1. Report yes if residue 244 is more than 17 Å from the chain's Cα centre (by Cα), charged (D, E, K, R) and buried (at least 16 other Cβ atoms within 10 Å of the Cβ), otherwise no.
2. Cβ-Cβ below 8 Å, separation at least six or inter-chain, first residue in region 109-132 and aromatic (Phe, Trp, Tyr), second open to solvent by 40 Å² or more (accessible area, probe 1.4 Å) and assigned to a helix (DSSP H, G or I): which pairs?
3. If you take the residues of region 213-227 that are surrounded by 18 or more Cβ atoms within 10 Å (Cβ to Cβ) and touching a helix residue (DSSP H, G or I) at 6+ places or on another chain (Cβ under 8 Å), which of them is nearest to residue 160 (Cα to Cα)?
4. Quick one: which of 165, 108, 156, 91 is at pLDDT below 95, closer than 24 Å to residue 73 by Cα and either of a type outside the set (D, E, K, R) or in a loop (DSSP other than H, G, I, E, B) (or both)?
5. Of all the residues that make up region 114-138, how many are open to solvent by 80 Å² or more (accessible area, probe 1.4 Å) and either aromatic (Phe, Trp, Tyr) or part of a helix (DSSP H, G or I) (or both)?
6. Can you tell me which of (1) open to solvent by 40 Å² or more (accessible area, probe 1.4 Å); (2) touching a His at 6+ places or on another chain (Cβ under 7 Å) is the one residue 164 doesn't meet?
7. Could you look through region 175-209, keep only residues that are under 14 Å from the mean Cα position of the chain (by Cα) and over 17 Å from residue 148 (Cβ atoms), and pick out the one that is surrounded by the fewest Cβ atoms within 10 Å (Cβ to Cβ)?
8. Right, residue 132: touching a helix residue (DSSP H, G or I) at 6+ places or on another chain (Cβ under 8 Å), more than 18 Å from residue 76 (Cβ to Cβ) and not hydroxyl-bearing (Ser, Thr, Tyr) or not?
Amino acid sequence: ADGDIALDLLLNNIHRHLIQKVIYGEIRNLFDYSKYEHCFLKNKWQYESHLNVQILIRNKSSDEILKGMKYQRRREIALSIKAGATIKQANTINDIRQLYTILRNLYNKRVKSPLPEFEFFHRLFLSEVGKIFLVEHDNHIIGGSFCVQYTGMSVNTLYYCGLRNYHRHVFPTALAVMAAIDFGLKNNLQTVDLMGAGKPDKEYGVRTYKTEFGGELVEHGRYVKMCNPFLYHLGAMGLEVLNKIKK
């Protein structure tokens, strides 16, 4: 009952502060919140099916995790380490800027979807839950992952990236994912969540890549609230056009 009251208060405050400022609001469920569905529906949030990819790491060793991966991903990680690539946690704002530049270029050239401004990633870096991991080779940052940690539970990859065609034996993106897994193992977490895997009824190329790290598909879904339906649908049409141009 206390949880219902707290959630109801939170959703009311979100509505009051954002209704005139945003086109829509979206809550991406990182865990199973189905027992609170009635609170969301009462506050006019609509449930949308959406998949996440979770790697179960509790009580497992690094070798066990690697054995659970597809051969190609396991091979990429092994080759990268053999070639001298390393992973570490970001320590400075300059680290964050360099990694953000790689991510921004990826979104501009290939993903072609909205990406938060640098300030978002800066604040994530300064927060207690933010964990940013770097992939380095020859003293250069070549990739990494922006994550959040839920103490005792999970580490979730909000974004990960790496330089494309960087080196025939170095695969920055695979190591960016491995960095999050390594952190989860060292901190006795239960899962590594690679996050978005698209809607269950639609093909989604990234889904295959993420599951090849040994993850399982789970559906915790999302809750969406339309604040300006006209602009929302207009924006959705614009994204469809961009995706067609991208293809």
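The values are calculated or read from the model by the stated rules, or taken from the named source; none is laboratory data. Model, not experiment: these values are computed from the prediction. Please note: Cβ atoms are built from the backbone with ideal geometry, for glycine as well, and neighbour counts cover all protein chains shown. Only protein heavy atoms, including side chains, enter the accessible area calculation; ligands, DNA and RNA are left aside. Shrake-Rupley method; radii C 1.70, N 1.55, O 1.52, S 1.80 Å.
1. The answer is no for residue 244.
2. Sorted first by the residue in region 109-132, then by its partner, the pairs are 118/97; 125/93.
3. 213
4. Matching residue, one of 165, 108, 156, 91: 165.
5. Selection size over region 114-138: 4.
6. Residue 164 satisfies all of (1) open to solvent by 40 Å² or more (accessible area, probe 1.4 Å); (2) touching a His at 6+ places or on another chain (Cβ under 7 Å) except (2).
7. First, the residues of region 175-209 that are under 14 Å from the mean Cα position of the chain (by Cα): 176-181, 191-198, 206-207, 209.
Now restrict to residues that are over 17 Å from residue 148 (Cβ atoms): 178, 197-198, 206-207, 209.
Values: 178: 27, 197: 22, 198: 17, 206: 14, 207: 20, 209: 18.
By that ranking, first place goes to 206.
8. So residue 132 fits the description; yes.
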